[in-house]
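Here's the structure, in structure tokens; my notes come after.
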Amino acid sequence: MAASSPLARRTEFLPFSPPLIGEEEIAEVVDTLRSSWITTGPKTRRFETEFAAHVQAPGALALSSCTAALHTALVTLGIGPGDEVVTTPMTFAASANVIEHVGARPVLADVEPDTLNLDPARVAAAITPRTRAILPVHYAGHPVDLDTLGLLAERHRLALIEDAAHALPAAYKGRRIGAGTNPVAFSFYATKNLTTAEGGMLTGDPDFLARARIVGLHGMSREAWKRYDKGGSWYYEVVLPGFKYNMTDIQAALGVWQLRKLERHQARRRAVVALYDAAFAGEPALELPVTRPEVEHAWHLYVLRLRPEALRIDRDRFITALAERNIGTSVHFIPIHLHPYYRDRYGYAPDAFPVAHANYRRMLSLPLNPRLSDQDVADVIEAVRDIVRRHCR
């Protein structure tokens, strides 16, 4: 196709990842607003119970965000100044920020070239006598190598705290992410596979979660709804300086219905992935995401990687070209060590984590959500193909 030919352009902009909210969620929220309780209360407890059952977790604690869940887990474990936590550079800043918040040091280890998940061999090399925990991220919804990381944690007596912001519903060797007794943090942000607008969940051992519940609500020995409900006592004690991380019943009202629709929404995500894979499989300029046989991928993201040797256009120009065709995209992620705070604080060079850095420079995330129609998907495919045709070497 000649470079001067007209662009294949949609008439309307296609957002990258809008939420899919139905009348059921709206009615449940309205019911909450008309009730006598809108903050943390019975609907939050119901959401916790149903979520724990869905992922086969021993228990669940609803919080204000995945960031709050990760921070709460670290505080509950007693991780603090002088400690180290090994994590990935290929993640959103929150995964490292919470380690900084407790006064510990985030120690970055590079990622695997195929999944872009934390590389267990690099983790092993990063462990020191100061290491207290490993904090892997299930990147894009593909579970990490939990067997190997779990053995490392056991061998060195470390906590394993999973950042599962992308990993609902994912499974590793037939077991749902979140099913173990170790802390696992989920995100319900607006772009996630299940949304409560803002919100998160921490799963794990019930005794651990009982302590975490106190940490997450001012360090109070008694929750508000138990104090103000019929038969409740006004008396409470603050047993530690906790945080204000509780989820509201308004958010939980969204969550209970989103959870019921999750499998249906996931089926649509998988169908979109199949269409993308079929369309791009034979294109030498594109590297498709992988799925290892032992996992069930949550498909929170569809991360396409460009092969620079096959194109006369870089990632940033490719994204601009998609925007010109009314296709929304994103990049997941700017590696942690490239952000000014971490770069300057720890003296990282761009190539300190070469796999993460090289892949960041050539990746973009295509629209992937259950609202996409077949025509939307066809428009994305045509736009990507058109750009490749115009700029292939």
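The values are calculated or read from the model by the stated rules, or taken from the named source; none is laboratory data. None of these values were measured; they are calculated from a predicted model. Because the Cβ atoms are built from the backbone with ideal geometry, glycine has one as well, and the counts that use them run over all protein chains shown. To get the accessible areas, we keep the full protein, side chains included, count just its heavy atoms, and leave off ligands, DNA and RNA. Shrake-Rupley method; radii C 1.70, N 1.55, O 1.52, S 1.80 Å.
Taking other residues whose beta carbon is less than 10 angstrom from the beta carbon of Pro120, and scoring Lys, Arg as +1 and Asp, Glu as -1, yields -3.
Spacing of the modelled spin labels on Glu23 and Gln56, each 7 Å from Cα toward Cβ, amounts to 3.6 nm. Result for the chain in a Gaussian network model with C-alpha springs under 10 Å: among Ser365, Ser330, Ser36, the largest mean-square fluctuation is at Ser36. For the range 31-107 and the range 264-304, compute the distance between their C-alpha centroids and round to whole Å. Value for the Cα centre distance between the two parts: 28 Å. Per atom type, the chain shows carbon and sulfur on 54% of its accessible surface, probed at 1.4 Å.
Computed from the Kirkwood radius of its Cα pairs, the Stokes-Einstein diffusion coefficient for the range 274-393 at 10 °C and 1.306 mPa s stands at 101 µm²/s. The label-point distance for Ser330 and Arg34, in a model that sets each label 7 Å from Cα toward Cβ, rounds to 3.4 nm. In summary, the chain shows an alpha-carbon radius of gyration equal to 1.03 times the 2.2 N^0.38 Å reference for compact globular proteins.
If each residue of separation counts as 0.36 nm, what is the full-extension length gain between Arg157 and Tyr236 once their alpha-carbon separation is subtracted? Write down the numbers at each step before the final one.
Numbers: separation 79, 0.36 × 79 = 28.44 nm, distance 3.53 nm.
Here the segment from Arg157 to Tyr236 would lengthen by 24.9 nm.
Estimate the FRET efficiency between Ala121 and Arg361 by the formula 1/(1 + (r/R0)^6), using the beta-carbon distance for r and 25 Å for R0, to the nearest 0.05. Using R0 = 25 Å, I get an efficiency of 0.65. Computed over the chain with a Gaussian network model linking Cα atoms closer than 10 Å, the most mobile of Arg105, Arg371, Arg317 is Arg317. Projecting the Cα atoms of Trp299, Pro289, Asn359 onto the dipole axis of the range 287-388, where Lys and Arg carry +1 and Asp and Glu carry -1 at the beta carbon, places Asn359 farthest toward the positive end.
For the chain, DSSP calls about 65 percent of its internal beta bridges antiparallel. Taking a point 7 Å out from the Cα of Thr181 in the direction of its Cβ, the residues of the range 187-221 whose backbone N falls within less than 17 Å of it are 203-212. Solvent exposure of Tyr236, expressed as accessible area, is near 100 Å², computed with a probe of 1.4 Å over the protein chains only. Take every Cα-Cα distance within the range 210-356, group them into 10 Å bins from 0 onward, and report for each bin the whole-number percent of pairs it holds. All Cα pairs, binned at 10 Å, distribute as 8, 20, 23, 23, 16, 8, 2, 0 percent.
Solvent exposure of the chain amounts to 42 Å² per residue of accessible area, where only protein heavy atoms count and the probe is 1.4 Å. Once the C-beta distance of Ser373 and Arg45 is scaled by a Förster radius of 30 Å, the resulting FRET efficiency is 0.20 to the nearest 0.05.
Look at where the Cα atoms of the range 348-393 and of the range 114-188 average out, and the two centres are 26 Å apart. The GNM of the chain, with springs linking C-alpha atoms under 10 angstrom apart, assigns the highest mean-square fluctuation among Pro284, Pro18, Pro89 to Pro284. With the whole protein complex present, Glu50 retains an accessible surface near 60 Å², based on a 1.4 Å probe.
Over every pair of different alpha-carbon atoms in the range 332-393, take the mean of 1/r and invert it; report that Kirkwood radius in Å.
14.4
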